[in-house]
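Bear in mind these aren't lab numbers, they're just calculated from the coordinates by the rules spelled out. Since this is a predicted model, take the numbers as computed values, not measurements. Note that we place each Cβ from the backbone using ideal geometry, even for glycine, and neighbour counts take in every protein chain shown.
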């Protein structure tokens with residue numbers, strides 16, 4: 001193979017340059033070229049130009065491949081590195097002073113690992129000075145090595161520590177200068193909203209509303225301090241064991257991860273299901289970003305899945321930005337329209353169309369909760385479900401309905417006499433609107449009550465008050481009857497009748 | 001904590017439907033992340049501050065992408081992206097040269113400045129260009145080094161960088177002289193392609 005007749009072709013020279021060095025073809029071609037000066041010259045011509053030669057000789061100074069390691073994602077611990085949790089934890093912790101403990105960091109004796117995520121590892125620990133359980137969150141090594149993430153961690157967690165509220169996990173201490181920065185939080189015994197719903201399925205309307213009210217109150221407290229959570233999701237909402245109390249955790253920490261992952265292009269850990277459209281498109285976010293996420297969380301609580309779903313994270317982001325969610329009432333028929341409407345408004349794509357503040361959301365949802373409790377056994381709508389459950393007394397319910405109908409009938413001539421264009425507003429409308437004030441309305445007074453039947457506003461609010469009282473009495477009656485089915489039926493009947501009379505008394509058309 | 005996320009790249013993916021544009025962004029990050037860090041360190045910044053500057057620069061540029069609108073007259077996204085990043089850096093470095101190193105002005109602001117707003121210092125521009133080319137070359141080298149066998153890389157390193165003759169390198173590495181030549185050509189060819197890729201140029205059919 002050393003005669004000029006068997007020179008290789010340009011195509012073969014390209015194979016030599018670009019294909020695997022040990023492929024059969026490459027080896028075969030190399031065998032010739034290595035011994036043929038003509039082909040070596042051709043190869044040299046083909047492979048380089050003056051530019052690249054110049055760069056190679058001038059720009060290589062300082063090149064240190066081993067140190068650089070700039071491949072994207074290099075800062076993220078690999079699976080292999082994470083495999084041995086115990087070894088990993090030991091790397092973060094000092095040796096324990098007690099044999100049953102996992103380790104120690106500062107004055108905190110680490111008991112066990114309770115969670116881990118993109119930001120770090122969370123341990124249950126004992127504060128040896130105050131002798132109380134705490135949760136210690138240690139910044140992940142890849143973040144603690146990143147100057148920006150480290151600074152952000154300390155800045156944001158100090159800010160979050162200023163939020164003191166019954167629905168926000170308290171931050172006791174921030175150690176930003178430790179080798180692995182960490183923060184010490186109130187230990188909450190319980191589970192996250194995520195695991196609760198995963199375990200027991202969608203929640204009842206009342207539970208959804210309670211969660212909504214509490215979460216919104218917690219958010220309002222943080223927003224008041226200028227802190228936006230940015231990562232509201234079911235996993236960041238804790239439900240305390242035993243009591244119906246919710247606590248939001250990880251305020252402001254989302255940005256720590258953002259800082260570090262910005263440069264690790266292409267790292268998408270998990271699903272962005274609860275992100276707001278403005279986050280998804282990289283726009284500036286304010287407190288209303290949390291409101292959108294809260295809407296998604298409540299949707300999840302009501303249905304068992306987030307409002308925007310897709311196979312891949314990109315698909316989810318696209319849906320968050322461009323698709324309308326399926327209305328909640330369509331997915332879960334138990335959800336009343338008012339609640340469905342609140343969630344629709346939280347999930348508005350444009351922040352300006354959402355509620356203006358978390359405290360408004362809390363107020364509105366508290367209002368729905370209240371009116372829901374009032375409405376259930378009371379007139380109209382509640383009666384229907386009531387009837388279903390209490391066949392025995394359904395005729396009684398019918399009697400109450402008759403009273404209402406009577407009211408309506410009597411008010412109609414009034415309307416005609418006054419020749420008002422609001423004639424369609426009947427007494428029954430009054431009841432409905434009394435029972436279900438719409439979202440955002442501050443007063444309990446019906447907006448569209450048949451004003452014509454009342455001479456002035458005082459009369460009307462007095463009527464509304466009485467009506468609410470009667471509805472409450474009816475509820476008490478029902479609860480009593482429910483809890484004590486052996487109660488004599490006659491007594492129940494008598495009480496119902498007295499309520500019926502009260503209704504007659506307050507009927508404005510009865511008092512000339 | 002399943003959903004910790006890097007939203008910047010994703011939001012870019014939403015905004016930039018063209019996969020070439022996404023690749024351009026990735027190349028931008030790959031080149032600028034170490035480049036800005038190195039420049040900041042060489043200007044006397046502490047390591048942590050240098051990291052911050054890197055973040056700020058990348059964020060500022062990613063925010064500027066809002067202003068990108070595909071338009072044939074404006075050319076490729078990639079060229080635009082690298083142009084604004086370059087202007088940003090030259091402005092930044094020029095200001096640094098004339099101001100004290102304390103206090104940090106808003107980097108995002110600098111991106112809006114045309115290069116003429118603060119007359120770019122020719123020294124600064126030259127320095128930036130050199131560092132930019134160096135970074136690009138190093139990145140390409142990182143890539144190629146992983147593609148070839150260690151002795152192939154060594155043959156290249158000795159002859160192209162450390163100015164060994166082919167014969168000396170062959171002796172040093174216990175290779176045939178012809179093998180050293182082939183190895184050196186292999187690496188150079190791949191380097192040239194890798195640099196071209198980082199420049200966003202179509203892969204010129206492997207060479208000529």
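What to note about this one:
- Footprinting exposure proxy for B:139, A:46, A:339 (fewest neighbouring C-beta atoms within 10 Å first): A:46, B:139, A:339
- Ranked list, fewest to most other Cβ atoms within 10 Å of each Cβ, for A:37, A:21: A:37, A:21
- Exposure proxy ranking for A:355, A:60, A:251, based on other Cβ atoms within 10 angstrom of each Cβ and starting from the fewest, stands as A:60, A:355, A:251.
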